[in-house]
1. Only one of L160, L259, L156, L245 is open to solvent by less than 10 Å² (accessible area, probe 1.4 Å), closer than 24 Å to K115 by Cβ and among the hydrophobic types (A, V, I, L, M, F, W, C). Can you tell me which?
2. Within the stretch 235-261, how many residues are charged (D, E, K, R) and within 22 Å of G25 (Cα to Cα)?
3. Would you be able to say whether some residue in the stretch 27-35 is aromatic (F, W, Y), within 13 Å of the ligand (Cβ to nearest atom), surrounded by 19 or more Cβ atoms within 10 Å (Cβ to Cβ) and in a helix (DSSP H, G or I)?
4. Can you say whether H16 is open to solvent by 10 Å² or more (accessible area, probe 1.4 Å) and near the ligand (Cβ under 9 Å from one of its atoms), as far as the supplied structure shows?
5. Out of A315, A285, I need the residue that is of a type outside the set (K, R), open to solvent by 20 Å² or more (accessible area, probe 1.4 Å), assigned to a helix (DSSP H, G or I) and under 29 Å from I4 (Cα atoms). Which one?
6. Which helices (runs of 4 or more DSSP H) does the stretch 102-200 wholly contain that include 1 or more residues that are at pLDDT 95 or above?
7. Return yes when E277 is farther than 30 Å from T59 by Cβ, out of contact with any helix residue (DSSP H, G or I) (no Cβ under 7 Å at 6 or more places or on another chain) and assigned to a helix (DSSP H, G or I) and no when it is not.
Amino acid sequence: RPVILSGMQPSSGSLHLGNYLGALGNWVRMQQDYDAYFFVVDLHAITVPQDPDALRAATRATAAQYIAAGIDPQQSTLFIQSHVPAHAELAWVLNTLTGFGEAARMTQFKDKSAKHGTDAASVGLFTYPILMSADILLYQADAVPVGDDQRQHLELTRDLATRFNSRFGETFVVPEAFIGKEGARIYDLQHPTAKMSKSAESDAGLIRVMDEANVTKKKIMRAVTDADGEIRFDREAKPGIANLLTIFATMTGRTTDSLVEEFAGGGYGDLKKALVEVVTERLGAIRTRTLELLDDPAELDRTLGAAADRANERAEATLATVYDRIGLLRRP
Ligand code: TYM
């Protein structure tokens, strides 16, 4: 069976609606048809300053949200990145194959480091995309379901795989990005031309999976729209309404056209109210299940441990081949 693989950062303890609609929802739908590997990227999370206790809690909470959203840990391999040492080991090898200028072109680093200045950014943040390439290539993944913002990192991964293969012989599968038609880019509810992100300056534009329903309701009802009062899908002229329609469509599997048809006669308030229902119902169920899972951390850890064993087996096999191909002496 073809292999899919993807991961998310644990940084804040709650995923947001962009993570869910851009990635996690697709993972859940795809897991039946693929040999699937999903993990929490705790090694990526430490590329920016973080609190150790908060990171531990957020890592468990993220794994619990995967399961609560529908990832079946019996069917898919759900693990924690740092439980598989080969990620860091392959990342080192790939570091030596990546050009400095090539890494410097990654726009996510430019965006993230611009905030505090490149001097304050860690070298780990700079090489972040190379660790991500290692994550993917270790499992020989065919497809990587992610949101649109990861496109450039996937291109780097493909370049590194192709480079390694041509220099040292066919070793890696060259992976494809799987980016959904709807939901690949969810925008901030207050700044609907900026992507929804946990690092946004205001909280009001960010819908968190773990927020209580009344918080989510308030954020949706206060979402920025525009003054013309007309419901139609126009990303350029009406980014706020376009974003709400996209969220609605991705949540329900409906088309934005059919939603426009249904809501065109009414005001923005009716559209928002209907969206509140849809979003709070879905996220409420995920939140409740997540809290249940977090009530029994020992059981969750057992699940993660068993998956780490399976992941290690696959990852170590790839790493051994890589070490051999590049000429590292086999340990006697
Ligand atoms: P992260 O943690 O920033 O985001 C996790 C996933 O959510 C998607 N996403 C969005 N989709 C739509 N609209 C948005 N506003 C939005 N915000 C985030 C992201 O595209 C991503 O799919 N580098 C990755 C984590 C990673 C990874 C990997 C992914 C590390 N190793 C290997 C795939 C394979 C990241 O920071 O995602």
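1. From the options L160, L259, L156, L245, the qualifying one is L156.
2. Counting residues in the stretch 235-261 that are charged (D, E, K, R) and within 22 Å of G25 (Cα to Cα) gives 2.
3. yes
4. yes
5. Result of the check over A315, A285: A285.
6. Where helices (runs of 4 or more DSSP H) fall fully within the stretch 102-200 and carry at least 1 residues being at pLDDT 95 or above, they are 123-138, 151-168.
7. So E277 fits the description; yes.
One line per residue, one yes/no per condition, for (1) in contact (Cβ under 8 Å) with a residue 12 or more places away in the chain; (2) within 16 Å of the chain's Cα centre (by Cα); (3) near the ligand (Cβ under 10 Å from one of its atoms):
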residue	(1), (2), (3)
H87	yes, no, yes
L94	yes, no, no
G124	yes, no, no
N165	no, no, no
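The values are calculated or read from the model by the stated rules, or taken from the named source; none is laboratory data. Predicted model, so just to flag it, every value in this text is computed and none were measured. In this analysis, Cβ positions are derived from the backbone assuming ideal geometry, glycine residues included, and neighbour counts consider all displayed protein chains. SASA here: full protein model, heavy atoms, side chains in, ligands and nucleic acids out. Shrake-Rupley method; radii C 1.70, N 1.55, O 1.52, S 1.80 Å.
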